[in-house]
Every structure is written in C-alpha cells, then in structure tokens.
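Student: Dropping the structure in here first, questions after.
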Amino acid sequence: GEPEQVWARRPLLPLRMDPYADTLRRLREAFSTGRTRPAEFRAAQLKGLRRFLQENQQLLQEALAQDLHKSTFEAEVSEIRISESEIDLALRNLRSWMKDEKVPKNLATQLDSAFIRKEPFGLVLIIAPWNYPVNLTLVPLVGALAAGNCVVLKPSEFSRSTEKVLAEVLPRYLDQSCFAVVLGGPQETGQLLEHKFDYIFFTGSPRVGRIVMAAAAKHLTPLTLELGGKNPCYVDDDCDPQTVANRVAFFRYFNSGQTCVAPDYVLCSPDTQERLLPALQSAITRFYGDDPQSCPSLGRIISDKHFQRLRGLLGCGRVAIGGQSDESERYIAPTVLVDVQETEPVMQEEIFGPILPIMNVRSLDEAIDFINRREKPLALYAFSNSNQVVKRVLAQTSSGGFCGNDGFMHMTLASLPFGGVGASGMGSYHGKFSFDTFSHHRACLLRHPGLEKIYSIRYPPYSPRNLRM
Ligand code: NAD
C-alpha cells in the first residue's frame, strides 16, 4: 500500500503544467471582445508606449549601458528616438491606415462596393534579439498595436537589464488584458511556440529563424523573419578614401559592430586597400582615441560566449588595425583584417562585432560575382564617385536593402520597407509597412441584394449566352 499511496497523492498538474496557457487564453478572450479594434483604443496604447519612453528614458539608457555599454548618443538615436518617431508616425496616420481601401472594379461589379479591409490578425507573438533591445521590441510592437492586435512580447534573455525594464515597467503603460511580456531563452521560447498564434514576428539569426518557421508551420501561422547575414561593402577605386573610411568605420563600429545591417566586409582592389588602411586608422583614432578601450563612445560585446566567438575570429587573416581584446570587460578593439581567405570563419559567418575584414577583388565584375555567389544579404553597400558604378552594383545584385555611398542610412527612412530577402529574411516593416504587416488584407465585395434579372444570365443550363456576361 505505501508506495501507491504516495504516487497517488503526487499532483499530476506540475508534470503537464503549461506556464503560458492562462496568459494566452486571457489575451485571446480580450481580442474576441473586439476591444482592440477601435482607433481610440489603438491610439491610447500608442500614447501609453510613448509615455513609457518619455518617463523611463533614464532607466532605459542605464539598462542599455549595462547590457552593451551603449553610449547615451547611440541609445538616443538608434533606440529611443527611432521608436518615438515610429509611434508619432503611427498616431498621425492611424485613421487613414485603418480606412477601407477602395479598389477598381470590372463591368460585372460596377454597382457593388469593392474594398480591402485591414483587420487585425488577433494574437501576435514578437520575438526580439539583444543588440537593439528597445528598438527591435518596440518598433514591431508599434505596428502590432496600431493594427489592433493583442501582443505577446518575448525580449532577448541576453540583454538582461533592458529585458527587466520591458517586463516590469512597460506593461504598466499598456492595457494588460491585451498585452503580455514573456521571458526566457531557447527552451521557454520553444515551449511558447508550441501554442497557436495568429502572426509571428521574429528578429534574430537565420539559425533560430528556421526553428521559428518550423514551429509556425505546425499551425500554419504566417510570419515575418527579420534575419541577418554578411552585408558586403564594395569600395570602388574611384573614391575619396578618407570619406569612405569615415563612413564605413562609423557604421561598422557603431554598437561595437553588433548591428544586423552593419557593413560586414569590404570588397576592393589591393590598390584601394592600401589607400583605405591609413584612412581607416585615422577614422578609428579620431572616433575612439588612441586607447579605444577607455572611450565611452565604444560599446562592449553582449556576453562571454559572444566575446569568445569574436576573439576566435581575430585569428583570421592578418591584423592591420586593432586586434586587442580584454575578456574581463568583453572589449574588442575596432579591428581591420587583411589577407583573409574566403574559406576562413570570418568570411563564412556573420561577424556581428567590431571586426572588418577586407577581401581583395580585381574588378567590379569580380566583386559582383563574389556577392552573387553567396546568400542574399540584408543590406548591401557600394561606395564610388561614379554614379554608374553604384547603379551597376544595385542592378546586378539582390539584397534586403541598399545604400550607395553610406552605411545603414536607408533604414532610418520609415517610408522604405525594412526587411531581408532569401536567407536574410522575409516580410518587412517600419512606418506603414509595419501596419500592413500586422494586418490581414481582407478582400471584400458587397453586392446589390436585387438585380437578379441581370445576374441570372450566369446560371445553368449553360449556353453561349453565359460567356457574354
Ligand atoms: P538569436 O536568433 O540567437 O535570438 C533571437 C531570439 O530568439 C531571442 O529572443 C532568443 O531568446 C530566441 N531564441 C534563441 N534560440 C531559440 C530557440 N532555439 N527557439 C526559439 N527561440 C529562440 O539572435 P540574437 O543573437 O539575439 O541576434 C543576433 C542575430 O539577429 C544576428 O544574426 C543579426 O543579424 C540578427 N538581427 C537581425 C535584425 C533584423 O532586423 N533583420 C536585427 C537585429 C539582429
């Protein structure tokens, strides 16, 4: 008797416990009441989001400094202001974005009303990475809320301080019956993904993107994948090396290189490389001083694991600039590598750190071939004094976005869709594209209830007359 009794008394619940079921059920119930649909409700959520940013600016800046040693400037421009401007744009345009879109009609539907209705999907899951932990959670959230969805937000477990602010403070500014933050790493997110969502918006690596897409496939859930990859940066012989070096260095070392759209490697001729190296050295010294480690403008690597990976990459090719590292601070100096081989890890994996390899090519054609032999990147850059050269790179390659003669400025325009193509992702967002991403575009036709005499021409029994309708 004894053992059976013990067994019988052991509660079954913890074994099958699902930590997310209650939250998700609550959000679904809220959505089904229709409360997220009116423009007033959506605007109130967006205003709450704006107040969250305004009232917690200091807190967010501190969290970003703790997570990534992010400078106040970088936190302001690339995290807080960009989120605020997305909120303002959505608030200004909400009603016009929500309007039914009238579409052209054919002869048979002249008397009817044909339009596209933008309706919310329902329950949306947003999964975010750690490199811009405010921007990459809140900017998708703006689109999801503006479109009238209920939202589960899953921030990255690596940006711990920011994650904490998002989990503890943000929900106070939003309607908690329609919004929840869920925490955790791969295991928890995997468990979360077993549930059915109506839309999934994922930002992260192509490796995890595949896992998320497979989980979405089980429920036939549509999704956006904002992934990464290696962004080529072609530098033409016809250029001003110092101008190019300033721009490439700024965008490569911004956030200590942990940017999905950062120029990942330079493609140029050996001659241009010789002119670029002193110019890159000059830019790095002007930006970060003789001792970049003591410069408050330079970020740090997010975790020990990521630091070890990057330190390993410093062994590829030959260090031309920088190369120092300090494990205790997770510091990696702004580095330029030369003489790298295509087969080395630094040219195989996305770098995602302050390391810039230079690959030599003999011509523009060879550069274009090199780019086209690889996965389609999230961003592609071409620097040249010749417009024709820039336009040729644009015409003969493919990528999520493109910027001629600068770094990732194209993604600061909310009028441009931001997203990848091929292995760098699918779908896009920012500005109105976010609203459209998080809305189902429902095809609607409202016909006249009468006029049966005219309509009856289509019914069987068929005769040649049916074809005339
Ligand atoms: P990641 O793919 O490791 O993690 C992203 C998110 O997925 C995190 O929230 C994480 O908790 C979750 N996750 C991790 N493993 C998981 C698993 N097995 N199952 C389910 N969920 C899991 O990416 P990261 O390291 O946080 O970010 C770096 C990558 O993101 C780079 O490849 C970068 O290019 C890309 N990125 C892309 C964009 C973009 O807008 N396209 C922006 C930033 C970063």
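Student: Which order do Asp238, Asp339, Asp22 fall in if you start with the one that has the fewest other Cβ atoms within 10 Å?
Tutor: Ranking Asp238, Asp339, Asp22 by Cβ neighbours within 10 Å, fewest first, gives Asp22, Asp238, Asp339.
Student: Report the extension gain between Leu413 and Glu452 in nm, rounded to one decimal, defined as 0.36 nm multiplied by the number of residues separating them, less their alpha carbon distance.
Tutor: Working: separation 39, 0.36 × 39 = 14.04 nm, distance 5.09 nm.
Answer, rounded to one decimal: 8.9 nm.
Student: What length, rounded to one decimal in nm, is gained on full extension from Leu183 through to Ile211, with 0.36 nm per residue of separation minus their alpha-carbon distance? Intermediate values should be presented prior to the final figure.
Tutor: Details: separation 28, 0.36 × 28 = 10.08 nm, distance 1.80 nm.
Stretched fully, the Leu183-Ile211 segment lengthens by 8.3 nm.
Student: Could you please report the charge total around Leu313, scoring K, R as +1 and D, E as -1 over all other residues with beta-carbon less than 10 angstrom from its beta-carbon?
Tutor: Numbers: positive: Arg309, Arg311; negative: Glu344, Glu349.
So the environment of Leu313 carries a net charge of 0.
Student: Short version: what are the Cα gyration tensor semi-axes of the chain, square root of 5 times each eigenvalue, largest first, in whole Å?
Tutor: 43, 32, 22
Student: Could you work out the per residue convex hull volume over the alpha carbons of region 413-469, in cubic angstrom?
Tutor: Details: hull volume 10.8 nm³, N = 57.
Hull volume normalised by residue count: 189 Å³.
Student: Could I ask something else about it? Roughly how many debye, to the nearest 20, is the charge dipole of the chain about its Cα centre, given +1 on each Lys and Arg Cβ, -1 on each Asp and Glu Cβ, and no other charges?
Tutor: In total the dipole reaches around 2520 debye.
Student: Evaluate E = 1/(1 + (r/R0)^6) for Arg28 and Val421, where r is the Cβ-Cβ distance and R0 equals 35 Å; express this FRET efficiency to the nearest 0.05.
Tutor: Efficiency at R0 = 35 Å is approximately 0.60.
Student: If you place +1 on the Cβ of every Lys and Arg, -1 on the Cβ of every Asp and Glu, and leave all else neutral, what size is the dipole of region 312-469 about its Cα centre, to the nearest 20 Debye?
Tutor: 1640
Student: Can you give the net charge of the other residues whose Cβ lies under 15 Å from the Cβ of Cys444, counting K and R as +1 and D and E as -1?
Tutor: +3
Student: Filter the chain for me: DSSP H helices, axial length by Cα at least 15 angstrom, mean Kyte-Doolittle hydropathy not below 1.0. List them by residue number.
Tutor: For the chain, where a helix must reach 15 Å along its axis and average at least 1.0, the hits are 135-146.
Student: Now for a separate question. Once every Cα of region 120-252 carries one equal point scatterer and solvent is ignored, give the base-10 log of I(q)/I(0) from the Debye formula at q = 0.13, 0.14, 0.18 Å⁻¹, two decimals.
Tutor: Results for region 120-252 at q = 0.13, 0.14, 0.18 Å⁻¹ read -0.60, -0.67, -0.96.
Student: Around Gln293, with a cut-off of 13 angstrom between Cβ atoms, what is the net charge of the other residues, counting Lys and Arg +1 and Asp and Glu -1?
Tutor: -3
Student: Provide the gained length on full extension for the span Asp175 to Arg35, in nm with one decimal, where the gain is 0.36 nm per separating residue minus the Cα-Cα distance.
Tutor: Computed gain between Asp175 and Arg35 is 49.4 nm.
Student: Taking the Cα centre of the chain as the origin and placing charges on Cβ (Lys, Arg +1; Asp, Glu -1), which of Thr36, Val134, Pro461 is farthest toward the positive end of the dipole?
Tutor: The residue sitting farthest along the positive end of the dipole is Pro461.
Student: Given Lys99/Lys432; Lys99/Lys154; Lys47/Lys70; Lys47/Lys164; Lys118/Lys230; Lys47/Lys118, which pairs have Cα atoms separated by over 24 Å?
Tutor: From the list (Lys99/Lys432; Lys99/Lys154; Lys47/Lys70; Lys47/Lys164; Lys118/Lys230; Lys47/Lys118), the Cα-Cα distance tops 24 Å for Lys99/Lys154; Lys47/Lys70; Lys118/Lys230.
Student: From the C-alpha coordinates alone, can you work out the Kirkwood hydrodynamic radius of region 186-307, in Å?
Tutor: Numbers: mean 1/r = 0.0576 Å⁻¹.
Mean inverse Cα-Cα distance, inverted, gives 17.4 Å.
Student: At a Förster distance of 30 Å, what's the computed FRET efficiency of Asp339 paired with Asn372, Cβ-Cβ distance as r, to 0.05?
Tutor: Values: r = 24 Å, r/R0 = 0.78.
Calculated value: 0.80.
Student: Taking amide H atoms as placed 1.01 Å from N in the peptide plane, list the residues 5 or more away in sequence, or in a different chain, whose amide H sits under 5 Å from that of Val181.
Tutor: Those lying under 5 Å, H to H, from Val181 are Leu153.
Student: Please arrange Thr272, Thr33 by how many other C-beta atoms lie within 10 Å of their C-beta, fewest to most.
Tutor: Numbers: Thr272 22, Thr33 10.
Placing the least packed residue first, the sequence is Thr33, Thr272.
Only the coordinates and a few stated rules stand behind these numbers; no lab work does. None of these values were measured; they are calculated from a predicted model. When we count neighbours, we look across all protein chains shown, and the Cβ atoms used for this are built from the backbone with ideal geometry, even at glycine.
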